[in-house]
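Engineer: The structure's right below; bear with me while I get my questions together.
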């Protein structure tokens, strides 16, 4: 294994994909869950959803999809491979690669949620460039969710506690993110121009950067046996 | 002896704080300036003037009534109001004598009195039906200004009024929580740098446990304060959301500790999570509220208390309150720490 | 809110006239002194437990 950080990062990200895609039903399940949630929202609110309800439902679906996607225990490698990786790789790179993997998955999920929402719950609240701004907000939020939940599920899978612990640790931390996102979304849907609400996205980006940095610094201590 | 001294000092300081908080009276202020919707003939100017009622809070207008002066002020220009009747120590009927052309529509009301000093009610009067001419110069009235002559009192703040006493509970409780969580943060760094010794882990655990109590009390006192000043037990405000999230995050710390059985793994995971939690605390309670306040000025609807403008009377109680609560918190932390140590030793006994 | 303040007699009336402020102060003082006393007792108890634990440890090791 080369000692170059970028090569290690690339290797680990593709490795995460390879491990996760070994069981295809896992990935398919995530997308199916998101679709089913959107369909449930459609049955509940129908095409009559007002802008506020449209907005609230979109973020809640994204949040639950994120928990479903990221908060499950990590697919483990065989013990031999794990100990090999441990001796050759820098642990900080490992968590960054995991984050990158989940960021990709979550971006795709956000895209799916957005189009499913447009399909089922109507597009009358999304005129013109508004839809792009809203999608951008969904993507930023998805990235923030992914990085935060990756770190927390790293902690809880080390604790051997799995999904429920990640949910307990994650929910309070999700609240500030979802608050910012819903505020951004409702401002976008009520016609505020993008430039005036972009600071919300800036804050989400800052939060994501902070979480990634913390993960990079702290993960070596989690990794150790 | 030295060991008991600061603990007794903490309790005594808090006794002092509670006595002052509950016994010091509140200073005077102005509550309202009401249009009575009628006119009254003035014997001085010989015309009929619209009548307004000035309502004060804790004022002494029935004493030295001759020296009471009531004015309106706008853009640096002052106009005296004619006092028709002083109903009692807090109510007075006045006549407004302003020309049709005025420098501004919005006026502050000033009341000057030998006991109360000068009291101000901002934007109390709005005259929508007059002509605005910025260049107009009103005749300057003769003013004899009095300083206040009051016993030791807390300042009157609009909306907050008597609930200003909660300042001595609410804010020091949060400060103490910050202190304890800070101790936990330092201990967690220590735990990560040396994971063989469980001492730092026990310190972090004890400080978070005690800090949680202070956080919950801070939330509770804040909720009471919100009820009486903002009208609801909970309002959607960045600082409040941040406070709740912080307490929940630290509750997560305690849950995480319970989830792990192996002592050394638990110490390491808890330390990692605690560092994370403290960063969240700093962001949510210190950085984010300022950031969002500056984006949405006036958020929280708390005009009189924006910068915690402490006056000397409040300071005389507030600083001892901070020190007293912190000493009490530290004492609780040390007790909890010793208890945790004993529990661990008992667990390790064969 | 204003009317509530006006109904009560200002200053002395609202906060002190009913005499409840003194009751609240007395209760707060009792709680505080009780807490201090309780913590002081807890400290003494902890001290004795620490001593006992130390002696049992010495006994088991010897």
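The values are calculated or read from the model by the stated rules, or taken from the named source; none is laboratory data. A quick note: this is a predicted structure, and the numbers were derived from the prediction, not measured. Quick reminder, even Gly has a Cβ in these numbers, built from the backbone with ideal geometry, and neighbours come from all protein chains shown.
Engineer: Starting from segment A:134-157, keep only residues that are more than 10 Å from chain B (Cβ to nearest Cβ) and surrounded by fewer than 24 Cβ atoms within 10 Å (Cβ to Cβ), then list their pairs with residues that are at pLDDT below 90 and not in a helix (DSSP H, G or I) whose Cβ atoms are within a distance under 8 Å, requiring at least 6 positions of separation or different chains.
Structural biologist: So the pair list comes out as A:134/A:126; A:157/A:73; A:157/A:74.
To keep it simple, each residue is scored yes or no on (1) more than 18 Å from the chain's Cα centre (by Cα); (2) more than 21 Å from residue B:285 (Cα to Cα); (3) more than 9 Å from chain A (Cβ to nearest Cβ).
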{"site": "B:211", "(1), (2), (3)": "yes, no, yes"}
{"site": "B:224", "(1), (2), (3)": "no, no, yes"}
{"site": "B:227", "(1), (2), (3)": "no, no, yes"}
{"site": "B:230", "(1), (2), (3)": "no, no, yes"}
{"site": "B:241", "(1), (2), (3)": "no, no, no"}
{"site": "B:247", "(1), (2), (3)": "yes, no, no"}
{"site": "B:254", "(1), (2), (3)": "yes, no, yes"}
{"site": "B:257", "(1), (2), (3)": "yes, yes, yes"}
{"site": "B:261", "(1), (2), (3)": "yes, yes, no"}
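Engineer: What are the residue pairs meeting all of these: first residue in segment B:272-295, first residue under 23 Å from residue A:222 (Cα atoms) and more than 9 Å from chain A (Cβ to nearest Cβ), second residue at pLDDT 70 or above and not in a helix (DSSP H, G or I), Cβ atoms under 9 Å, and 6 or more apart or on different chains?
Structural biologist: Every condition considered, no pair remains.
Engineer: Counting residues that are out of contact with any helix residue (DSSP H, G or I) (no Cβ under 9 Å at 6 or more places or on another chain), which helices (runs of 4 or more DSSP H) fully inside segment A:22-126 reach at least 3?
Structural biologist: The qualifying helices (runs of 4 or more DSSP H) are A:24-45, A:79-88.
Engineer: Let me ask something else. May I ask you to say which residue of A:188, A:178, A:174 is away from chain B (no Cβ under 12 Å) and buried (at least 17 other Cβ atoms within 10 Å of the Cβ)?
Structural biologist: A:188
Yes or no, residue by residue, for (1) within 15 Å of residue B:322 (Cβ to Cβ); (2) crowded, with 21+ Cβ neighbours inside 10 Å; (3) in contact with a strand residue (DSSP E or B) (Cβ under 8 Å, 6 or more places away or on another chain):
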| residue | (1), (2), (3) |
| --- | --- |
| B:176 | yes, yes, no |
| B:203 | no, yes, no |
| B:210 | no, yes, no |
| B:213 | no, no, no |
| B:216 | no, no, no |
| B:219 | no, no, no |
| B:232 | no, no, no |
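Engineer: Are any of the residues in segment B:178-192 facing chain A (nearest Cβ under 9 Å), under 30 Å from residue B:159 (Cβ atoms) and touching a helix residue (DSSP H, G or I) at 6+ places or on another chain (Cβ under 8 Å)?
Structural biologist: No, every residue in segment B:178-192 fails to be facing chain A (nearest Cβ under 9 Å), under 30 Å from residue B:159 (Cβ atoms) and touching a helix residue (DSSP H, G or I) at 6+ places or on another chain (Cβ under 8 Å).
Engineer: Which of the numbered conditions does residue A:157 fail, given that it passes all the others? Conditions: (1) modelled with pLDDT under 85; (2) in contact with a helix residue (DSSP H, G or I) (Cβ under 7 Å, 6 or more places away or on another chain); (3) assigned to a helix (DSSP H, G or I).
Structural biologist: Of everything listed in (1) modelled with pLDDT under 85; (2) in contact with a helix residue (DSSP H, G or I) (Cβ under 7 Å, 6 or more places away or on another chain); (3) assigned to a helix (DSSP H, G or I), residue A:157 misses just condition (2).
Engineer: Could I ask something else about it? Just a yes or no: is a residue in segment A:191-201 modelled with pLDDT under 90, more than 14 Å from chain B (Cβ to nearest Cβ) and part of a helix (DSSP H, G or I)?
Structural biologist: Taking every residue of segment A:191-201 in turn, at least one turns out to be modelled with pLDDT under 90, more than 14 Å from chain B (Cβ to nearest Cβ) and part of a helix (DSSP H, G or I).
Engineer: Take the residues in segment B:43-84 that are closer than 21 Å to residue B:103 by Cα, free of Cβ contacts under 8 Å to residues at least 40 places away in the same chain and surrounded by fewer than 19 Cβ atoms within 10 Å (Cβ to Cβ); name whichever of them is farthest from the chain's Cα centre (by Cα).
Structural biologist: Selected residue: B:76.
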